[in-house]
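What follows is calculated from the coordinates using simple rules that are stated; it is not laboratory data. Given the structure is predicted, the values throughout are model-derived calculations rather than measurements. Every residue, glycine among them, receives a Cβ derived from its backbone with ideal geometry; neighbour counts consider all protein chains shown.
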Amino acid sequence: MKQINRLKDVGLIDRSKPIEFYFNGSKLYGFKGDTLASALLSNGVYLTSRSIKHHRPRGLFTHDLSEPNSIMQVNVKDKEFINVSATDIYIYPNMKVRNINSWPSLEFDLYALKRIFSKFFQPGFIYKTFMWPRLLWGFYEKLIRKTKGFGKLKSDDDSLRYEKKHSNTDILIIGTGPSAISFAYPALQLGCKILMVEQDSNVSPTMLNIDYIFKNNDQKNEFIKIKNYVLKHSNTKILLNTKVSSVNDHNFSTLIQNSTIINDSNNIYLPDQILWKIRSEKIVIAAGSVERPMLFDNNDLPGIMSSNSISTYINKFGVIPGKNIILYTNNDYSYQMVFDLLQYGIKINAVIDVRKNIHKEILNKLEKNNIKIIFDHEIIKAFGNNCINEIYISSINTRKKITIKCNLLAVSNGFSPVNQFHIQSGGSLKYFDKTDCFIPVETKFSPLHIGGSAGVFDLVESIKYSYLKAIKMFDNQKQDITNLIPIKNFGSIDKYTISKFRSSFLSKMNSKNVFVDYQTDTSLFDINYAVKEGFVFLDHLRRYTLFGTGIDQGKQSNDNIIFLLADILNLSPDQIGHIKSRPPFSSVNFGAISGRNNNSFFDPIRRTSIHNWHERNNAIFENVGQWKRPLYYAKSNENMQESVNRECLAVRNSVGVIDASTLGKIEVVGPDSVDFLNMIYPNKFSSMKTGKCKYSLMLNDKGMIFDDGVIAKLNENHYLIHTTSGGATTVMDWLEQWLQTEWHNFNVTLRSVTDQWTTISINGPKSRILASKLFKNIDFSNESFSFMSYQETSFDNIPVRIFRVSFSGELCFEINVPSNYGQYFWNKTFELGRNLSIVPYGTEAMHILRAEKGYIIVGQDTDGSVTPIDIGAIKMLSKSKDFLGKRSLNRVFFHDNNNRKQLVGLIPDNSKKIIKDGAHIKTLQDQILSGDILGHVTSTYFSPILNKSFALGLVKNGYSMIDQKVLIVDMNLNKSYATITKPIFYDKEGLKQK
Amino acid sequence: MLLIECIYCGERDETEFDYGGEIRDKRPVDPDNLSDIEWADFIFSRKNINGIHIEQWFHSGGCRQWFNIQRNTYTNEITKVFNLKNQQIIREKN
Amino acid sequence: MKNKLNTNNSYSLFSIIKGGFKKNSVLDISMSNKTPKKSYDVLIIGGGGHGMATAYYLAKNHGITNIAVIEKGLIGRGNTGRNTQVVRSNYLWTESSLLYEHSLKLWNNLSQDINFNVMYTKRGVFSLAHSYQEARDVARRVTANKLNGIDSIYLTPKEIKEYMPIINISSNARYPIFGASLQKRGGIVHHDAVAWGFARRLNQIGVDIVQNCEVKNLIIKNNIINGITTDQGDIFANKVAVAVAGSSTRFAEMGNFKLPIESHPLQAWVSEPIKPILNPVVMSNTVHAYISQAEKGELVIGAGIDKYIGYSQRGSFNVIENATSAIIELFPCFSKVKLLRTWAGLVDVSPDACPIIGQTSIRNLYINCGWGTGGFKATPGSGYVFAHTIANDQPHILNEPFTLDRFTSGKLIDEHGAAGVAH
């Protein structure tokens, strides 16, 4: 087991659980608790990837989700992970890992030959060429696409399982580092509930070296005491392996848990990843800061890493990825890495510090350990092939140059506070010269920032001021802070310093090899070139050179580029501005965002009480909104057309029954019911008698039809209105809106009873016989129960409502019973109807029957631009009262026959051929592609009772075109002919339904 | 996701509500006496304010009551919650 | 036409190769920010695609070059830089179809016209139908398109799958696919390229682009526009044209007229880039989302507007949740792809989902707004007809149906169906 870079007995990995995994086909080793990155390094793998554009050899730069280089494709069991950073996933037995973007192999990548032409590559290359010949762009684009993109997605389903969870808390703290602990301490004392979110697998992951990170034992012990208090408190909840994805308005945050670990459990009820939705009173950002890389020629070689990452690799994983170690820095903080290594007996070769002096304490420690420090020097070039082996440094003062051997270079160009959450929620930043970074400008809307995220990099200062910031916040909220236990021993702060470093040697370097953004392969050359072209504003520069647009979102690189641009344009960093970060902070699987809401959970399914009977009787269902309605009932010896014909004929000749429960039903109750109905419908209800039914259209205030239905007067001040199946909710909301926001004076109550009643609609010449058998106590004769009327009765104390209306054009009784009894009455209906050749029918037959009678279906014969005048219902518009839509319809345009499409019937010349859906209508003499479109076909069917095809359509000036022939053109541009008729084809006097 | 305070149910996620637009003038009692331009103005014109905005919300997933809130359409800060009928201020935040 | 076109700095493969041997110089200046002069013939407020296209066509078609484009922020950083790049012309009504079709034809040659590759790629745009009524609506639209001379075909689920093997056409889906329309000439255009391309061309022609310049007021005397007041001083002009999308109402207030638009956030998001897996653009009204894969490999997804009005250019998470579920319904394997970045634009939605292009009640003040969620595809067409309207002080035949007074007459052109899910 070749763990050449692993130290004995160091780190938090579980040495009792060794793991084998595969990298590009080679078997490698690690332990449980290793990330893919630490495992690779422990095996001595330094070359982990090829850069996206230039295919340069790259290695690991960091240890966490800000990693710019090492993007992998990972497969474990049946789970596929694409575009995973090696630092962002823990290893699992038999994990198979491949790097992206090289061919045929990582070590030997033929695409690297591209670099021969690097002379000609410039930013915006693709915009400046590929324009000739025009017709070849499609072909060019296909080729270009093949070279872009990171991982390759397999087309099989995602086997990961996701869950969404909600939680509320008083304070959401992002991070569990020292400042977070310190902030939580007084908060818990005041009774706050705290949720702390930690992306690592350990609490306080930057304090694994707690035994020697403090300068004195008193501080160390005080901190340990506070930490234990916070972690063990009953009001503290901690989520590990959880990243904050976004911070949104009104303190709504989303988190993603366990995206970095492979679900070990065989428990099928445990999800792989959880998306948390958190609402909190306050959000505190303690997410630390990101260390910035240094800029020099070949600054992207494998073996160049951020200094605090090296600390983590040794403290957490016991891995030290190099023997000849150099630190290159501009600040005191990065020396912590040196001392971390010393704890394990590892001495680095030298420090190259761009400054002229460092903190006294650090200097003493270095001297005590005989570690060389080279002041006032900068690295101007690095050398190596697949790993760094040498650096070329220059004195900043004298420009004298030396070469030093090195195979692990730790770099630190200062720190960028994590400010993305602040920007996401609309905040802004201000540049702070002393620490060379951008600090969030806090407002009343923004989160609070502490520790590194507030630009406070000193450990003691961080702990002290987080506590004080918490106190201040509680004091502003008028809470009693007088009895809080303070933090002891964190009084004086002996600050470390950072020196702003901008190399004056940059202009002499080969700018094509100085990388300002590793992941997008953006070089100093690209920036200089783009600026010369005029892309001087940060946003334009970014989108043009693509810096910051990678998966890592430029977390380490953005600020270096802002400083560069400031120098080039001779402006301050504030004048340059900052990058507008957007959520998510780090990528989230689409599956996690969707959670369980797919397949049958994508949208709720609504079923009527008769659903099981429909299924047993071979109903083929269609979706009507969220409802499942039988389209027709299949029989083994019939195709669909035959089944539907049979159903239609049954209704016309004997009796058919349809489940009409899905239609909306709203009760309108109250002394002002009539006034209310008069406003919402165009016809007048003032003299409607109890027990009568009226059909009406519902108009919006622009005069357009958006729903229709029958209104029944059940009793004085008690009406029942029907709506379409799909429109029930819309109408209910529409009516409530008018009542509550406009007509406060109307004493009217609305009750939605759609689900409460099952509607058994019995249609056909024999329906009277059947209804009489069902309810012996009702006289269903024409004299007693006339067309468009209503009666109620009861059956065994079960209330029954019967409406005599007709959508089929046949004699019809719609029996409404409470839904709990729906199935009972439906069964009874079919039992009693056995000798009457009773047949169930579905929506397809229903469509044909009503179309034969010219009854519209809102949404099919209307499309939101059709008025009552257009469908021949001008008489419905009352002249003696106001109603919604009236004023709009009193405009010239709506009475202009020449320009309004009017509802007509169409009889095709070829009676056997059904006009295709969507066909359009033109005048007989028209050429297909010239002249006006007269109109279009809205409903087209074959009528079994008439034995011919027919259609309804909307045609300009249609009323005056009756008996005229027109040209029909369908979507394949096939022509046919038809005659315009009145929109009614069967039983024109309506005798059968009366 | 906005946090909307229903005047009856308290603070709830935005997904429980429907948005009813800016508060508008009352529907004219005598629309027939308005010119086409005046009528179109009533039906279609919007103040579409960038800044402090009074608007209607409907708690469709709860008590099904309409109410008004005052929200800054740029910052999304909600500062007042009103009873729709009498415009009485139920809650005011500073 | 007279223009100060400097053809020495044209972009081509040849000039790139030549440029590769020249150190320290660039092929051409793409952008330069100008200080405004005291007056111009025409001022265009709004430095987005539409505004800059208008300036371009004023120069190209009408010989007017004494123009300044005044932009409050940076050019192309409003909706032009935030949209999902879809172009198509398969709308329902003849009036709108012809306008979008004119635009699509202009897209065809735009790269060559302005010598900047805007990357108009004919990936094909699918509109899926998930029910019988939707299938009828799609059939109606396909027929209307064909009759208007616009390419459009109807495909069955099996045929759809041939274009994108990863789509789920199973009848067991919650809302199975019944069919789709396909416009083969529809596709995508690189949005930033449009902004930069126009900016460079305008620079060559001699049109001033003034960025970081906010209009404080309109200077109006006797109901005629004289110019604008900005934070860089007063600028006078014979004609002022406003193309500012979601900020249009503010200008209406300054001009003392009213608009029917509402400004809503419109969100869009991208995934991490992956190898090519989806070629066409796919839209679905029912499951309510649309998706394409950009040239760089990221999946670009959008849905509908956030329901409340808002100027923050931020939207709510539930919109992203719902549309992402919808995408996974259509393409189950995309569950494994990761969300990289979400953002929002500020769209001006009109009552009939159609634009408002024309004169205002102030003489020589012109407005172009109301494009809502579908403005990007109309960029060249909109600029073309707006330029005509400004130059001739009356609408082009293509934007005649889209003037402000259609709301008074009732002659709305309701494109909510075809505009569909925010596009």
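Quick notes
- Each Lys and Arg Cβ is given +1 and each Asp and Glu Cβ -1; about its Cα centre, the protein assembly as shown then shows a dipole of about 2900 debye.
- DSSP beta bridges confined to the protein assembly as shown are antiparallel in about 75 percent of cases.
- Across the alpha-carbon atoms of region A:325-432, the computed radius of gyration and Dmax are 16.4, 50 angstrom.
- Cα long-axis angle, helix A:178-189 against chain A (0 to 90 degrees, to the nearest 10): 60
- Compared with the dominant Cα axis of chain C, that is its longest principal axis, helix C:379-392 is turned about 30°.
- The trypsin sites (Lys or Arg not before Pro) of region A:36-84 that meet both conditions, a loop assignment by DSSP and at most 13 other Cβ atoms within 10 Å of the site Cβ, are A:K77.
- Rounded to the nearest 500, the 222 nm mean residue ellipticity of chain A from helices alone is -6500 deg cm²/dmol, with -39,500 (n - 2.57) taken per DSSP H run of at least 4 residues.
- For region A:293-413: relative contact order, % (alpha-carbon pairs under 8 angstrom, 6 or more apart): 36
- Distance in nm between pseudo-label sites at A:N386 and C:S32 (7 Å out along the Cβ direction from Cα): 5.0
- When the convex hull of its Cα atoms is projected in every direction, mean area for chain C (nm²): 21.0
- Residue (of A:N315, A:V351, A:N330) at the positive-pole extreme of region A:293-413, dipole from beta-carbon charges: A:V351
- Between A:L991 and A:E281, the simple label model (points 7 Å from Cα in the Cβ direction) yields a spacing of 8.0 nm.
- Legend: mean number of C-beta atoms from other chains within 10 angstrom of residue C-beta atoms, peptide A:537-546, equals 4.
- Between the listed residues C:F331, C:T373, C:N217, the Cα displaced farthest toward the positive end of the dipole of the protein assembly as shown, a dipole computed from Cβ unit charges relative to the Cα centre, is found at C:F331.
- Using a Förster distance of 25 Å, the FRET efficiency for A:I116-A:T403 (Cβ separation, nearest 0.05): 0.35
- Cβ charges +1 (Lys, Arg) and -1 (Asp, Glu), total dipole of region A:1-154, debye: 660
- Estimated FRET transfer efficiency when R0 is 60 angstrom, pair A:S26-A:R616 (beta carbons, to 0.05): 0.50
- Ellipticity estimate at 222 nm from DSSP helix runs (n ≥ 4, -39,500 (n - 2.57)) divided over chain C, nearest 500: -9000 deg cm²/dmol
- In this rough spin-label picture, where each label sits 7 Å from Cα along the Cβ direction, the A:V441-A:Q343 distance is 4.0 nm.
- Residues in region C:78-84 carry Karplus couplings, in order, of x, 5, 4, x, 10, 7, 9 Hz; the curve used is 6.51 cos²θ - 1.76 cosθ + 1.60 with θ = phi - 60°, and Gly or Pro positions show x.
- Isolated cysteines of the protein assembly as shown, defined as having no other cysteine beta carbon under 4.7 Å away, are A:C192, A:C387, A:C406, A:C437, A:C648, A:C693, A:C812, B:C63, C:C213, C:C333, C:C354, C:C369.
- Annotation: the residues A:S594, A:S600, sorted from fewest to most other C-beta atoms within 10 Å of their own C-beta, follow the order A:S600, A:S594.
- For chain B, the dipole from Cβ point charges (+1 on Lys and Arg, -1 on Asp and Glu) about the Cα centre works out to 320 debye, to the nearest 20.
- Cα long-axis angle, helix A:459-476 against chain A (0 to 90 degrees, to the nearest 10): 40
- Under the Debye formula (equal points on every Cα, no solvent term), log10 I(q)/I(0) of chain A at q = 0.06, 0.08 Å⁻¹: -0.67, -0.91
- For region A:663-753, the calculated P(r), taken from all Cα-Cα distances in 5 Å bins from zero up to the bin holding the longest distance, is 3, 14, 28, 29, 19, 6, 0 percent.
- Difference of contour (0.36 nm per residue) and Cα-Cα distance, A:L363 to A:D78: 97.2 nm
- Full extension of the segment from C:E400 to C:S171, taken as 0.36 nm per residue of separation minus the current Cα-Cα distance, would add 78.0 nm.
- Taking Lys and Arg as +1 and Asp and Glu as -1, the other residues whose beta-carbon sits under 10 Å from that of A:N653 total +1.
- Cβ-Cβ distance of A:K472 and A:I568, R₀ of 45 Å, FRET efficiency by 1/(1 + (r/R0)^6): the value works out to about 0.65.
- Partner shielding of C:13-21 amounts to 4, given as the average count of beta-carbon atoms from other chains within 10 Å of each residue beta-carbon.
- When each of the peptides C:118-126, A:88-96 is scored by how many other beta carbons lie within 10 Å of its residues on average, the order from highest to lowest is C:118-126, A:88-96.
- Packing rank of A:461-470, A:503-512, C:404-413, A:577-586, where each peptide gets the mean count of other beta carbons within 10 Å, highest leading: A:461-470, A:577-586, C:404-413, A:503-512
- Taking every residue in C:402-413 and counting other chain Cβ atoms within 10 Å of its Cβ, the average works out to 5.
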